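For reference, the structure discussed in these notes is given below.
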Amino acid sequence: MLAAAALPNLVALTRPPSVHMMRELAAFFLWGLAVAAVGVCAAGVRVPWRALRPLLLLLALLAAGVGITWLTLQTGAGPKLAALAFLGGAALVACAGGMVARTPQAQTWLTWLFAGWLLAGILNSFIGVLQVYQPEWTGNHLIAAARTPGRAGGNNFQSNHLATNLLWALVALAALVAMRRLRSTWAIAVLPVLCGGLALSGSRMGLAGLLGLAIWGALARAMPHASRGLLIAAPFVYGLAKLLIAKLPVSALGHAGMATIVRQGDVSSSRFQVWEQAFEIAKQQPLIGAGFGEFNTAWTLTPLVSRHPKHWDHAHNLFVQWLVEFGWPLTLLLSAMLLWAAVAACGQVAARAGG
């Protein structure tokens, strides 16, 4: 479980056709081993189908969308097969998680999962420091080079991906403290590392997520005080890290990269324009969409009034992406399933906290 949670986020080796292919293969292999281990350790435990129903229905609808694309478009089968394999893998992991939750060893499995997330976050934060301040040490099989000079991406390659890794690492940090598997003093020492890595990423999505975690910490009164304190303090530690980063000397290339974080006052990094264009594209095929994985093709070939000069292969928004690729009916169903899964998960958490 530790390896499955940590190692895919740390693989720097790349091979065509995708920069993420080796990481995806590592994730599929290691989570497959984890699911097999659950099958051995939780033999005889039934899958909680009722609790998992919203999530499994969501995955089934996504698979249906991929299938519709396969039937309606004469495109290569490889990406569709890969997508279906990952959706099936996600369903197996969800079922394995539901089985583990019913065993006496649930806390142990969770500890290793959270430890993996935390380990990946800490190591990627240090890798981010090298990418910004010692870029000549990066770009090899162990440490990836930053895609945008001056902005940390860790071995996740992309700044928003690093931010996602670090946000989950913060969740894991608070959880391990709440479970009394990590001392508060150690957690206080780790918090600046994670927040510093997040600051070096320059990710606005990461900052929004950090504020969301702080609000969660402020509102979740059932959470232990130490864990709440970590989440509430995180934005302030982030702010201090930003001030420190502004004082530290970096190369001229690094300064140019950091300047891209605020692109002439465009807080959305042109995303609003892309979303507007995506809605125009969705009007062309409102029922079944352009097809799974066809966002860039649709965006490139659709006549638009003012096309952004940058290459866009995704919408930077899950719901807009669904709308373009799957059309309105399936997007509404997927959104409803996602909302149902979120509400059901929150209800289970509240029930456990109350109990």
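Bear in mind that the values in this text are calculations on the coordinates, not laboratory data. A quick note: this is a predicted structure, and the numbers were derived from the prediction, not measured. For neighbour counting, all protein chains shown are included, and Cβ atoms are generated from backbone atoms with ideal geometry for every residue, glycine included.
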Self-check item: Counted charge near residue 101, where neighbours are those whose Cβ lies closer than 12 Å (Asp, Glu -1; Lys, Arg +1)
Solution: +3
Quiz item: When all alpha-carbon pairs of region 124-169 are counted, what percent fall beyond 17 Å?
Solution: 18 percent
Quiz item: What fraction of the Cα pairs in region 102-249, stated in percent, has a spacing above 24 angstrom?
Solution: 31 percent
Quiz item: Comparing 159, 18, 125, which has the greatest mean-square fluctuation in the GNM of the chain with Cα pairs linked when under 10 Å apart?
Solution: 18
Exercise. Please work out the FRET efficiency for the pair residue 53 and residue 21, using the Cβ-Cβ distance as r and a Förster radius of 41 Å; give the result to the nearest 0.05.
Key: 0.80
Quiz item: Where in region 66-85 does the amide nitrogen come within less than 15 Å of the point 7 Å from the Cα of residue 28, taken along Cα to Cβ?
Solution: 77-85
Self-check item: residue 106-residue 71 FRET efficiency (beta carbon distance; Förster radius 45 Å; 0.05 resolution)
Solution: 0.65
Exercise. Sorted from largest down, give the three principal axis spans of the alpha carbons of the chain, whole angstrom values.
Key: 60, 57, 39
Practice problem: State, as an integer percentage, the relative contact order of the chain based on alpha-carbon contacts under 8 Å between residues 6 or more apart. | Solution: 17 percent
Quiz item: Once fully extended, how much extra length lies between residue 319 and residue 233, figured as 0.36 nm per residue of separation less the alpha-carbon to alpha-carbon distance?
Solution: 27.8 nm
Quiz prompt | FRET efficiency, 1/(1 + (r/R0)^6) with R0 22 Å, evaluated for residue 296 and residue 270 via beta carbons | solution = 0.90
